[in-house]
Amino acid sequence: MIEWDPEINKVREIKNKWKEIILSLPNVNGIGVGRKNDKYCLHILVTKKLPLSKLRRDEIIPPECDGIQTDVIVSGHISSQ
C-alpha cells in the first residue's frame, strides 16, 4: 500500500502560485516539485547557471518560495520535437 504525503499538495499549490513569476526569469525552462535533502522543494530548470553579478535583482531565483526551498538544476536548452 502506498502512503500519500499530504504535504505534497501544499507544495504543488505553492508551485502553481509561483509558476508564472519563475518562468518569466531569464534562462528558466521549467518548474517542478521534487525532493532535496529529504524535503520537498521546487526544482527550477535553467538553460545555464549565471553568476549573480550578471543578473539584475529582479532576475534572481529566490532561495525559497513561501517557505519551500528552490533547487536550481541545469537542464540545457529544451525544445519540442
Between a residue in the stretch 61-76 that is in contact (Cβ under 8 Å) with a residue 24 or more places away in the chain and any residue that is part of a loop (DSSP other than H, G, I, E, B) and hydrophobic (A, V, I, L, M, F, W, C), which pairs come within a Cβ distance under 7 Å, given they are 6 or more apart or on different chains? Ile61/Leu25; Thr70/Ile61; Val72/Ile61
Can you tell me how many residues in the stretch 29-45 are closer than 14 Å to Gly76 by Cβ and more than 9 Å from the chain's Cα centre (by Cα)? 1
So, Gly76, is that one under 29 Å from Glu7 (Cα atoms) and of a type outside the set (A, V, I, L, M, F, W, C) or not? no
Candidates Glu7, Glu20, filtered to the one that is without any contact (Cβ under 8 Å) to a residue 24 or more places away in the chain and out of contact with any Leu (no Cβ under 9 Å at 6 or more places or on another chain): Glu20
Filter result for Leu45 (surrounded by 15 or more Cβ atoms within 10 Å (Cβ to Cβ), not in a strand (DSSP E or B) and not β-branched (Val, Ile, Thr)): no
Specify the residue that is surrounded by the most Cβ atoms within 10 Å (Cβ to Cβ); the eligible residues are those in the stretch 1-38 that are within 26 Å of Arg57 (Cα to Cα) and of a type in the set (Asp, Glu). Glu13
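I need a count of the residues in the stretch 48-73 that are touching a helix residue (DSSP H, G or I) at 6+ places or on another chain (Cβ under 9 Å) and either loosely packed, with under 14 Cβ neighbours inside 10 Å or of a type in the set (A, V, I, L, M) (or both).
Residues of the stretch 48-73 that are touching a helix residue (DSSP H, G or I) at 6+ places or on another chain (Cβ under 9 Å), as a first pass: 50, 60-62, 65-68, 70.
From what's left, either loosely packed, with under 14 Cβ neighbours inside 10 Å or of a type in the set (A, V, I, L, M) (or both): 50, 60-61, 66-68.
Residues that pass the stated criteria total 6.
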If a residue must be hydrophobic (A, V, I, L, M, F, W, C) and assigned to a strand (DSSP E or B), how many such residues does the stretch 48-81 contain? 5
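Every number in this text was worked out from the coordinates using simple rules, so none of it is lab data. Nothing here was measured: the structure is a model prediction, and the numbers come from that model. Methodologically, a virtual Cβ is constructed for each residue, glycine included, from the backbone with ideal geometry; neighbour enumeration extends over all protein chains shown.
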